[in-house]
Amino acid sequence: MDAKTSQKPGATKKTGSITVGNKNWDFPVYSGTIGPDVLDIAKLYGESGMFTYDPGFTSTASCESKITYIDGDEGVLLYRGYPIEQLAEHGDFLETCYLLLYGELPTPSQKADFDYRVTRHTMVHEQMSRFFQGFRRDAHPMAVMTGSIGALSAFYHDSTDIADPVQRMIASLRMIAKVPTLAAMAYKYSVGQPFVYPKNDLDYSTNFLRMCYAVPTEDYKPNPVLARAMDRIFILHADHEQNASTSTVRLAGSSGANPFACIAAGCACLWGPAHGGANEAALNMLREIGTVDRIPEFVKRAKDKTDSYRLMGFGHRVYKNYDPRAKIMQKTCHEVLAELGIKDDPLLDVAMELEKIALHDDYFVEKKLYPNIDFYSGITLKAMGFPTTMFTVLFAVARTVGWIAQWKEMIEDPKQKIGRPRQLYTGATTRDYVPISRRK
Ligand code: SDX
């Protein structure tokens, strides 16, 4: 493909052309505000009878979006144009939720109103506690989360009409507010402790930590340092462009499925160890390595092409430089360990040494494998008292707003239609049925 003219974005229309053999087709090229241009190949099949082929969508833009921008080479992450470093430093999670949903930072009155509205949706229908009784106590909390988020559509029928903007916003607020409550219930259920109701006089992250760690036998004393760390972890995980789980939500939403079902689909996808499950897998890997002197053995395995082993928490489809979130996560990790008086966490020693080795190893440098957000989050969350099985649940709590913002943008996009990719078929050609009596 070659773009015939290279004009500034928004100037005269650009076209790109594809040539196959002696045939040539022209297609429009669009420029974004920042980032790569795109070649609109929607008409390619109609004009050429060919599909594009891009398993894993490494070179495919699935949609137009105004929500999050990532520059993988420069290690840049913007939510609605604001750098993640500034939002994590100066704002709180509900401010980020407002920004992702509405596109602008809230004024003081808008923030107060949004906090009020979210806070008053934090309780779940009382029958949900009966719903939980059906799970085994040792069920993985992500199984419970996927099931209970999907079940929300069985309780909140009055906010499932996706054509009604009022219902779309109520469903959005309900999920931002109720997913932490469900997450805390999943944790309490797994440890056999009673569920703790949300309290309206607490901020979002303090409320969440209290629902996880308060017990009826004593007053809960919030730790503002841990609550701030939790809030920052939520901000870092809130959205990330068209990652696997967000693409799942968009595809589910493109069929007109109700918002709760779409977010449940995203939660199921996030659970995979290559995606949101990597934080749990990264901590399990650090535990398996155990001591600094065993690191070379695992690095050798990760480099061995005959071994499918990978260093969890390393590498990224987009970031071919440092994941900007990982830097903030590492800083938060040290703050939490200092607050809790954890001086020599052997897992942190292994993590720091593994990072140092990997950043200087030719294999990792050549393949641009840097620590991603999941590398330090596990150590931080473990220090905060969460079991590893809860790590991806916490990722899902944060990413719920990103999934919803992307789902809303897709539903409100007049160009959107049901997502229905095609394939390169390499199976059997047409053949006649053979009755079983004649099969050998
Ligand atoms: C998240 O998409 C998002 O934005 C996701 C996320 C979000 O916020 O939504 O950022 C959250 O999911 C972070 C990523 C968490 N996953 C992990 O930490 C799991 C370990 N990482 C890998 O599985 C892998 O790096 C991926 C899945 C993250 C990215 O895989 P890609 O882009 O498909 O890259 P690839 O598999 O083609 O790897 C390129 C090369 C391969 O070697 P070659 O075939 O070229 O010889 O790098 C190697 C891979 O073998 N490689 C690794 C490696 N990751 C890639 N080798 C060792 N250890 C690793 N971790």
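The values are calculated or read from the model by the stated rules, or taken from the named source; none is laboratory data. Quick caveat, the model's predicted, so the values are computed rather than measured. Cβ atoms come from the backbone with ideal geometry, glycine included; neighbour counts cover every protein chain shown. To get the accessible areas, we keep the full protein, side chains included, count just its heavy atoms, and leave off ligands, DNA and RNA. Shrake-Rupley method; radii C 1.70, N 1.55, O 1.52, S 1.80 Å.
Filter the DSSP H helices in the chain by two things, a Kyte-Doolittle mean of at least 1.0 and an axial alpha-carbon span of 27 angstrom or more, and list the hits by number. Qualifying helices, which must be both long enough and hydrophobic enough, do not occur. For segment 37-188, the solvent-accessible area with a 1.4 angstrom probe is 49 square angstrom per residue.
Of the accessible area of segment 326-396, computed with a 1.4 Å probe over protein heavy atoms only, carbon and sulfur atoms account for 55 percent.
Under conditions of 4 °C and 1.567 mPa s, segment 290-421 yields 76 µm² s⁻¹ as its translational diffusion coefficient, taking Rh as the Kirkwood radius over Cα pairs in the Stokes-Einstein equation. For Cα pairs less than 8 Å apart in space and 6+ apart in sequence, what is the mean separation divided by the residue count of segment 113-181, i.e. the relative contact order in percent? Reported relative contact order: 51 percent.
The label point for Val225 and the one for Lys300, both projected 7 Å from the Cα toward the Cβ, are 4.0 nm apart. Sorting the segments 310-322, 270-282, 408-420 by their residues' average number of neighbouring beta-carbon atoms within 10 angstrom, most packed first, yields 270-282, 310-322, 408-420.
Cross-link check: pairs Lys66/Lys320; Lys327/Lys367; Lys111/Lys221; Lys305/Lys331; Lys43/Lys320; Lys14/Lys320 evaluated at a Cα-Cα cut-off of 24 Å; pairs beyond the cut-off: Lys111/Lys221; Lys305/Lys331; Lys43/Lys320; Lys14/Lys320. Pairs exceeding a 26 Å alpha-carbon distance, out of Lys23/Lys415; Lys23/Lys417; Lys343/Lys382: Lys23/Lys415; Lys23/Lys417. The simple spin-label model puts a point 7 Å past each Cα toward its Cβ; for Asp307 and Met352 those points are separated by 2.6 nm.
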